[in-house]
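As structure tokens, the structure follows; a few thoughts come after it.
The values are calculated or read from the model by the stated rules, or taken from the named source; none is laboratory data. Here the structure is a predicted model, which means the values were calculated and not measured. In this analysis, Cβ positions are derived from the backbone assuming ideal geometry, glycine residues included, and neighbour counts consider all displayed protein chains.
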Amino acid sequence: MLWLGRGAELSEESPLRLKLHLCLLTAGALCLPASLFAWQLPGVRLVGEIESLDGEAGNEFGFVFQDKSTPSPKPPTPAKPPANATPRPAVPPATVPPQPQINPFANQPGNQRSLTRLSRAPDMFGDSFGSLSGITFTTVTDGGDVTSRSAPGAIRLPKTGGARVFKNEQSRALPTDRVFGLYHHFENALQLENADANVDVYTLGVEKTFLEGNTSIELRMPLNNPVGLSSGATGQSFQTHAAGDLIVTFKALLYSDDSQGVSLGLAVNTPTGSDLTVHNRDDNGDSTFTLKNDATHLIPFIAYQAAPNDDLFFNGFLQFDTPTNANTVDARFGSNRTVTSVRDQTLMYVDASFGYWLFRDEESEFLTGLAGLLELHYTTALNRADNVDLDFVHFGEGSGRFNVFNLTTGVQANIGRSTMVRAAFVAPLRNDPNRFFDSEVSLAIVFRL
């Protein structure tokens, strides 16, 4: 602030007063543009005030300049930690969880996400059986006891409920989500005198995993092509039907890593299929023999699967097939009726399958893999078959026990990411009575989910 003259009288015409007026006007002119310019500056405000220009008011003149702009905020001062404070641990950087390997051929939930190589390995083909009832039907003539399969009048009976097709068919140790359809053709599987008949079996199945992929349940329903055989010379005939036995299989994985796996399982063969009826006509009259499908079969098994490298793979099965009860035989001759029973034999299966990937390209849109398989299958009866003698007929297996060796060769083509097309040929390595068909052709299509 500027203070001027508090002690002297200045007249209107006084040169000093004129000079003061002139100075004040000049100062006002200079301050006004500066104030306007200052208003345009951010954060700056310049204000000039003239307290008095009147000499009679005490001859006081002055300018007051006041900065009214908002002060800029000062950054806060960080608080100092106490001297005895424990330093805060450093926060680790965020980590990205490892991504599981993608297997294009099989579902891999739970602990199977790392089993890429093992889950890629194909299933075993198996070898099935066309007429494995363990029973022949033989006409007894002139009171003689004829028990040979090749004797005149002998019939090689089909199994009640249709052909027994489970037995490691299209299976492996690793539980898998899938649906499948199978076809089996058995050449000369049934026999009546010198006439043979083929058997065609169609099977629909589904397998579903649970408990993080470590267990599975599987359903199979076989349907048989009905076959009828008759002989005019002896008057014998029999007819097979379409309905087969429903098979329910439970499987649990005991151990697995990327190169091998072991599982235990139990299959239950339920008697849902048709009965078998045999007619016999001779000089003594007509007779009818019905072999009813009553037996439930329990089939425990242990399975081993291995893939030692990206190209080789192996499947192995050891399983037993034992009936829990017998099948009823209802024999009618004229007005006479005899009811008895025949029990199926207990069987043991030992199977080994070796395979090699001939081609594999998982990036292909169509053919993503081609594998070849070679298998050896051994089946034996652990007990002798029942033998039932009626008036004019004999039920039973003349040879008692048997030992069957079959060789299977097959190929599998992987189409896209989840479809498998499979074809195999089975050749028996032994002759009758250790031979139940002349050859077998099997086809399969599998969709892994």
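Tabulated values for the structure
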quantity	calculated
Failed item in (1) surrounded by 16 or more Cβ atoms within 10 Å (Cβ to Cβ); (2) over 32 Å from the mean Cα position of the chain (by Cα); (3) of a type in the set (S, T, N, Q), with residue 319 passing the rest	(2)
Residues that are in contact with a Gly (Cβ under 9 Å, 6 or more places away or on another chain) and not hydrophobic (A, V, I, L, M, F, W, C), drawn from region 284-310	284, 285, 286, 287, 293, 300, 304, 305
Single unsatisfied condition, residue 255 versus (1) surrounded by 21 or more Cβ atoms within 10 Å (Cβ to Cβ); (2) among the aromatic types (Phe, Trp, Tyr); (3) free of Cβ contacts under 8 Å to residues at least 12 places away in the same chain	(1)
Test set (1) more than 21 Å from the chain's Cα centre (by Cα); (2) in a strand (DSSP E or B); (3) among the polar types (S, T, N, Q) - residue 305 fails condition number	(1)
Condition met for residue 371 (aliphatic (A, V, I, L, M), under 21 Å from residue 258 (Cα atoms), in contact with a His (Cβ under 9 Å, 6 or more places away or on another chain) and surrounded by 15 or more Cβ atoms within 10 Å (Cβ to Cβ))	no
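This table checks each residue for (1) surrounded by 15 or more Cβ atoms within 10 Å (Cβ to Cβ); (2) within 30 Å of the chain's Cα centre (by Cα); (3) at pLDDT 90 or above.
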residue: 310; (1), (2), (3): no, yes, yes
residue: 315; (1), (2), (3): yes, yes, yes
residue: 324; (1), (2), (3): no, no, yes
residue: 334; (1), (2), (3): no, no, no
residue: 338; (1), (2), (3): no, no, no
residue: 345; (1), (2), (3): yes, no, no
residue: 350; (1), (2), (3): no, yes, yes
residue: 360; (1), (2), (3): yes, yes, yes
residue: 366; (1), (2), (3): no, yes, yes
